[in-house]
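> I'd like to ask some things about the structure below.
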Amino acid sequence: MNAPHTLEVGLGDRSYPILIGPGLLDAGEAWRPRIHGRHALVVSNETVAPLYLQRVMTQLDGLHAQTLTLPDGESFKNLAHVERVFEALADMGASRDACVIALGGGVIGDLAGFAAACWMRGIDFLQMPTTLLAMVDSSVGGKTGVNLKAGKNLVGAFHQPCAVVADTDTLATLPDREYRAGLAEVVKYGALGDADFLTWLEAHVDALNARDDAIIAKAIARCCAHKAAIVARDETERGERALLNLGHTFGHALETECGYGTLLHGEAVAIGMCQAAALSARLGMADAADGERLAHLLQTLQLPVTPPAGVDSDALLAHMRLDKKNLGGRLRLVLWRGIGRAEIVADVAEADVHAVLDHRG
Ligand SMILES: NC(=O)c1ccc[n+]([C@@H]2O[C@H](COP(=O)([O-])OP(=O)(O)OC[C@H]3O[C@@H](n4cnc5c(N)ncnc54)[C@H](O)[C@@H]3O)[C@@H](O)[C@H]2O)c1
Ligand SMILES: O=C(O)C(=O)C[C@@H](O)[C@H](O)[C@H](O)COP(=O)(O)O
Ligand SMILES: [Zn+2]
């Protein structure tokens, strides 16, 4: 294996590496030293485990390592399945020096990471993302948690991994729709703070659509560099980190209202970013042309840019009222001044949001 591309999330004595490259699952020498105790629990799901779990277990030879395979899907990212992780940890006699390894997409990473944050008030965990979305976003930064019926990620903790190991070879088996959902979060980084990156994405649409390995690897590295820098400056979302939520207040409301797993997270974020752009234009913050450019890029990547027909705007607004960024009972949204210039806007009038939700262009 060639040396992986390596980045660091700089958090003092909790700093950790992000390793990106092909062949990493089989290169235990690159990541196993990050596991310090005797116990490891590898949490995966019914789709990913048959593909990759055995290879990870081979690298854990000599440790007391167990596996837990959960059902696959956003609808299982809930407290009942966190409890399954606790039960597995209890069964193996996991002590405070145990490590949870999350092998899968963002659902497994968020859920297993949250279990690790809670078990004995916090044990190590290591992220092994196998989706594009998890490689560019969810495995980095330590946001862990689960959904409630009332809303996405309403229960969770900030708990940083001890390493992120992104074996880009695993993307070969990722279904096309999931790959494209990951591209939505890739586009997000350009939209929120890196206009040059968005222009680069526009120039490489054909390569992205053809799933060109080299272009994807470059995109992953650039997204991770952005996320690592933001997290290092604002780990617990007191300010700037909220920009990573561009499109998410709208998107999470859609995911919740449509039923978890109906719209993929990335698809909902694609729609949500377009709605945030439309609201920004309505409020006079940005040119409508920037929103049209963003929507065009997302459409060329075969992502949805408008909500499914028949979703009730009042219900969406009700979900948005429960968003974690809100303050003092008032909506607080990530909007923008144009491509690459996202901003947090407090006190957004519900009538303006409603108007955007009602517009099904
Ligand atoms: N913590 C964060 O910062 C953060 C950031 C973004 C998203 N998220 C969360 O991440 C979740 C979405 O993550 P996701 O898009 O990875 O979805 P996911 O975890 O549901 O994975 C998508 C699908 O791909 C399958 N899969 C995964 N890897 C595969 C592979 N290599 N080959 C074949 N199939 C594979 C999975 O089994 C699943 O069916 C959402 O719950 C979202 O809220 C969290
Ligand atoms: O890491 C962050 O910060 C993000 O907001 C990344 C988002 O892409 C991700 O979907 C995250 O889970 C959303 O967090 P939430 O706090 O809105 O639940
Ligand atoms: Zn997201």
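The values are calculated or read from the model by the stated rules, or taken from the named source; none is laboratory data. In this text, all values refer to a predicted model and were calculated from it rather than measured experimentally. FYI the Cβ positions are ideal-geometry reconstructions off the backbone, even for glycines, and counts take in every protein chain you see.
> Going residue by residue through region 66-80, is there one that turns out to be closer than 25 Å to A217 by Cβ and in contact with a Leu (Cβ under 9 Å, 6 or more places away or on another chain)?
Pass one, region 66-80, residues closer than 25 Å to A217 by Cβ: none.
So far as region 66-80 goes, no, none of its residues is closer than 25 Å to A217 by Cβ and in contact with a Leu (Cβ under 9 Å, 6 or more places away or on another chain).
> It is to be established whether one or more residues within region 256-278 are over 28 Å from L174 (Cβ atoms) and away from ligand 3 (no atom under 16 Å from the Cβ). Steps first, please.
If we filter region 256-278 for residues that are over 28 Å from L174 (Cβ atoms), which is where we start, we get 278.
Filter once more, so that each one left must be away from ligand 3 (no atom under 16 Å from the Cβ): 278.
Checked against the condition, which is being over 28 Å from L174 (Cβ atoms) and away from ligand 3 (no atom under 16 Å from the Cβ), region 256-278 yields at least one hit.
> Quick check on this structure: which one of L357, L331, L297, L303 is within 16 Å of ligand 3 (Cβ to nearest atom), on the phi < 0 side of the Ramachandran plot and among the hydrophobic types (A, V, I, L, M, F, W, C)? Give the derivation first.
Numbers: L357 fails: within 16 Å of ligand 3 (Cβ to nearest atom); L331 fails: within 16 Å of ligand 3 (Cβ to nearest atom); L297 fails: within 16 Å of ligand 3 (Cβ to nearest atom).
Step by step, each of L357, L331, L297, L303 is checked, and only L303 is within 16 Å of ligand 3 (Cβ to nearest atom), on the phi < 0 side of the Ramachandran plot and among the hydrophobic types (A, V, I, L, M, F, W, C).
> List, please: which pairs have Cβ atoms under 9 Å, are six or more places apart or on different chains, and start with a residue in region 186-207 that is under 12 Å from L297 (Cβ atoms) and modelled with pLDDT of 95 or more and end with one that is of a type in the set (S, T, Y) and away from ligand 2 (no atom under 16 Å from the Cβ)?
Close Cβ pairs satisfying both conditions: G190/T199; E202/T300; V205/T300.
> Continuing with this model, one more query. I want to confirm something. Restricting to region 36-74 and keeping residues that are assigned to a loop (DSSP other than H, G, I, E, B) and closer than 27 Å to N153 by Cα, which single residue is nearest to ligand 2 (Cβ to nearest atom)? Walk me through how you get there before you give the answer.
The first filter runs over region 36-74 and keeps only residues assigned to a loop (DSSP other than H, G, I, E, B), leaving 36-38, 46-48, 60-63, 71-73.
Subset that is closer than 27 Å to N153 by Cα: 46-48, 71-73.
Numbers: E46: 23, T47: 20, V48: 19, P71: 20, D72: 18, G73: 16 Å.
Taking the candidates together, the pick is G73.
> Considering (1) touching a residue at least 60 places away in the same chain (Cβ under 8 Å); (2) of a type in the set (S, T, N, Q); (3) within 16 Å of ligand 1 (Cβ to nearest atom), say which one T300 fails and leave the rest.
(3)
> Follow-up. For region 115-139: of the residues being assigned to a helix (DSSP H, G or I) and away from ligand 3 (no atom under 16 Å from the Cβ), which is farthest from V186 (Cα to Cα)?
Of all residues in region 115-139, those assigned to a helix (DSSP H, G or I) come to 115-121, 132-138.
Now drop any that are not away from ligand 3 (no atom under 16 Å from the Cβ), which leaves 115-121.
Numbers: A115: 27, A116: 27, A117: 27, C118: 30, W119: 32, M120: 35, R121: 33 Å.
Among those that are assigned to a helix (DSSP H, G or I) and away from ligand 3 (no atom under 16 Å from the Cβ), it is M120.
> Right, G93: free of Cβ contacts under 8 Å to residues at least 24 places away in the same chain, more than 23 Å from R222 (Cα to Cα) and not acidic (D, E) or not?
Values: free of Cβ contacts under 8 Å to residues at least 24 places away in the same chain: no; more than 23 Å from R222 (Cα to Cα): yes; not acidic (D, E): yes.
So G93 fails the test.
> Take the residues in region 224-278 that are more than 22 Å from Y16 (Cβ to Cβ) and among the β-branched types (V, I, T), then tell me which one is nearest to ligand 1 (Cβ to nearest atom).
Only one residue tops the list, namely V269.
> Give me the pairs: first residue in region 238-253 and at negative phi, second residue in a loop (DSSP other than H, G, I, E, B) and within 12 Å of ligand 3 (Cβ to nearest atom), beta-carbon distance under 6 Å, and six or more apart or on different chains, which are they?
Cβ pairs passing all conditions: none.
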